[in-house]
Structures are given as structure tokens and as C-alpha cells.
Amino acid sequence: MEKVIETRLVKRHSQFPTVCIYCAKQIQPDSLHYVEEGITAHIHSLIARKYCEACYTRYGEQNLLHEKSK
């Protein structure tokens with residue numbers, strides 16, 4: 001049985017280069033991006049999904065979170 005954790009996206013400034021999990025484009029240091037965060041449970045930063053600002057603007061939070069969970 002899989003444990004489902006409710007999540008939301010939180011706006012952050014990147015400290016290091018990272019990659020958008022949706023479009024695979026690099027997110028430059030000090031750029032805005034969105035990081036997955038658990039609502040009732042903690043998600044470790046190593047497994048939290050990160051999305052660039054362009055994908056967040058284009059698809060929205062709910063579409064991004066539900067698309068990858070299928």
C-alpha cells in the first residue's frame with residue numbers, strides 16, 4: 001500500500017543550479033523556482049520536486065502536482 005502525502009508548491013530562490021523536473025531545463029542560481037513541500041508531513045529536500053517559474057506559470061500548481069503523481 002502506497003502512502004500518499006499531500007503537497008503544495010512554495011516559491012523559493014535557488015542557491016545552486018538545479019533542474020526543473022517537468023521540462024528538464026536548468027534553473028540558474030538566484031532564480032525563482034517552486035519546490036514541493038508537504039502539507040502535513042515533511043518531504044526531504046532530496047526528493048522534493050522542483051519546477052521552474054515558466055512551467056509553474058504555464059501549467060499551474062494543481063496540474064504539475066497531479067501530472068507526476070499518476
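Under the combined filter of DSSP loop state and at most 10 neighbouring Cβ atoms within 10 Å, region 1-40 retains these GluC sites (Glu not before Pro): 2, 6. Using a Gaussian network model of the chain with C-alpha springs under 10 Å, which one of 12, 58, 49 is most mobile by mean-square fluctuation? Looking only at 12, 58, 49, the largest GNM fluctuation is found for 58.
Each Lys and Arg contributes +1 and each Asp and Glu -1, all at the Cβ; summed about the Cα centre of region 27-67, the dipole is approximately 80 debye.
Taking the inverse of the mean reciprocal distance over all distinct Cα pairs, the Kirkwood hydrodynamic radius of the chain comes to 12.4 Å. Note on residue 54 and residue 37: their simple-model spin labels are 2.6 nm apart, each label 7 Å out from Cα toward Cβ.
Normalised per residue, the accessible area of the chain is 76 Å², obtained with a 1.4 Å probe and no contribution from ligands, DNA or RNA.
What list of ³J(HN,Hα) couplings, whole Hz, do you get for region 34-49 from phi and the Karplus terms 6.51, -1.76, 1.60, once you set θ to phi - 60° and write x for glycine and proline? Here the 3J(HN,Hα) series is 10, 10, 6, 9, x, 7, 10, 10, 7, 10, 5, 4, 6, 10, 5, 6 Hz. Candidates 9, 31, 21 compared by Cα position along the dipole of the chain: farthest toward the positive end lies 21, with charges placed on Cβ. Available extension along the chain between residue 44 and residue 23 is 5.4 nm, counting 0.36 nm per residue and deducting the alpha carbon span. For the chain, a simple Cβ point-charge model (Lys and Arg +1, Asp and Glu -1, everything else neutral) yields a dipole of about 120 debye relative to the Cα centre.
To put it simply, the accessible area of the chain at a 1.4 Å probe is 51 percent carbon and sulfur.
The values are calculated or read from the model by the stated rules, or taken from the named source; none is laboratory data. Note that the structure is predicted; figures quoted are calculated from it, not measured. Positions of Cβ are backbone-derived with ideal geometry, glycine not excepted, and every protein chain shown enters the neighbour counts. Ligands, DNA and RNA are excluded from the accessible area calculation, which covers all protein heavy atoms including side chains. Shrake-Rupley method; radii C 1.70, N 1.55, O 1.52, S 1.80 Å.
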